[in-house]
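So the structure is just underneath, and the comments pick up after that.
The values are calculated or read from the model by the stated rules, or taken from the named source; none is laboratory data. Since the structure is predicted, the reported quantities are computational estimates derived from the model, not experimental observations. A quick note on method: Cβ atoms are made from the backbone with ideal geometry, for glycine too, and the neighbour counts reach across all protein chains shown.
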There are 2 protein chains.
Amino acid sequence: MATTNLDRQVGQRLASLDIRYTTGRSRVVSSLASLDGPMSAAELRDFIAPPVPLSSLYRTLAVLEESGVVTPHYGKSGVARYELAEWLKGHHHHLVCIDCGAIEDVSLSTSQESRVHDVINDIVALAEFQATDHTLEIEGRCKKCS
Amino acid sequence: MATTNLDRQVGQRLASLDIRYTTGRSRVVSSLASLDGPMSAAELRDFIAPPVPLSSLYRTLAVLEESGVVTPHYGKSGVARYELAEWLKGHHHHLVCIDCGAIEDVSLSTSQESRVHDVINDIVALAEFQATDHTLEIEGRCKKCS
DNA sequence: TTCCTTGCAAACGATTTGCATTGGA
DNA sequence: TCCAATGCAAATCGTTTGCAAGGAA
């Protein structure tokens, strides 16, 4: 089953946690990999062949989330969207559409990312806070909605 | 009714939109003002006396959101949390503790905030995206949990 | 009076769970 | 074999809505 490089990484991770990497789970992972941004369970279902019941999909996503393979994002309209975790996908930020809720990934250049880090270090230096990660989300209207 | 300064600001805003500033709405606003961070509807309900049905609370929050008095926040676990809008509370960012979940507000200095804006303008220039707002959240461990 | 607002209960959509069946190590 | 994973249907949770009663202009 572990054919692609991605499958191999995820398979190893799950194996180390004594969790099976089944066909269904692999299908969810490779669907997420082939998509641009975080996807809701319903969107994901329409993307997976053969058809998967939503309940199974949610269960799969829960397992993948607990094992650190996918990351959930909660936005307006009450739907959760899922994407591959950063150790698989790389560090990135989001453009969030305030109208349709779509999320687009953006990767920052090294200099942009280091400018973000500079600001964060400034902030954290004042507060007594041990930063481990950061989220920069830009809200606005996507091409379709503007 | 418009006794406090906050009430006066909100009352004016609503009046300019031909929306009544009722006792129930005022209670929600002052509850939000007296609380540290964004609160869910259920948390808010337990804080308001006399008891308010959740449905009324949601309706009140919807009105206040549409009129720009409160801002919803969809950080975690799919429940919406609400806080006073930035024109009442000031623009700020969040330090989110990954252990205890506490959210601390931080205000950036003018130069820090302008550095954030510079980066955002850089990013948005490339994407076809009309930015209206941004959220910078720093995740890590708060003083208590580290 | 005439709208707007509220409370109650029922409806709703997203997500979860119980249980019987299937499938992989 | 044996336990974990799946499919289906029903339950649950947060949130929304229809409708009748209460209140302010």
Regarding segment B:49-59, can at least one residue be identified that is modelled with pLDDT of 90 or more and closer than 28 Å to A:VAL119 by Cα?
no
Residue pairs meeting the criteria (Cβ under 7 Å; at least 6 apart or on separate chains; first of a type in the set (Val, Ile, Thr), in segment A:69-81; second within 14 Å of DNA strand D (Cβ to nearest atom) and assigned to a helix (DSSP H, G or I)):
A:VAL69/A:VAL10; A:VAL69/A:ARG13; A:VAL69/A:VAL29; A:VAL70/A:LEU61; A:VAL70/A:LEU64
Of the residues in segment B:26-55, how many are surrounded by 13 or more Cβ atoms within 10 Å (Cβ to Cβ) and not charged (D, E, K, R)?
17
With over 11 Å from the mean Cα position of the chain (by Cα) and more than 11 Å from DNA strand C (Cβ to nearest atom) as the only criterion, which of A:THR60, A:THR3, A:THR71, A:THR23 stands out?
A:THR3
When only residues in segment B:61-103 that are at pLDDT below 95 and of a type in the set (S, T, N, Q) count, which is nearest to B:VAL10 (Cα to Cα)?
B:THR71
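So that you can scan it fast, the table gives a plain yes or no per residue for (1) assigned by TED's automatic domain parsing to the domain that holds B:ARG27; (2) in a loop (DSSP other than H, G, I, E, B); (3) acidic (Asp, Glu):
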| position | (1), (2), (3) |
| --- | --- |
| B:LEU64 | yes, no, no |
| B:GLU104 | no, no, yes |
| B:VAL124 | no, no, no |
| B:GLN130 | no, no, no |
| B:ASP133 | no, no, yes |
| B:ARG141 | no, no, no |
All but one of (1) under 24 Å from B:ARG25 (Cβ atoms); (2) within 8 Å of chain A (Cβ to nearest Cβ); (3) buried (at least 18 other Cβ atoms within 10 Å of the Cβ) hold for B:LEU64, so report the exception by its number.
(2)
Any residue at all in segment B:38-48 that is over 28 Å from A:LYS144 (Cα atoms), among the hydrophobic types (A, V, I, L, M, F, W, C), in a loop (DSSP other than H, G, I, E, B) and more than 16 Å from DNA strand D (Cβ to nearest atom)?
no
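Give B:VAL96, B:VAL119, B:VAL124, B:VAL69 a once-over and let me know the one that is within 7 Å of chain A (Cβ to nearest Cβ) and surrounded by 19 or more Cβ atoms within 10 Å (Cβ to Cβ).
B:VAL119
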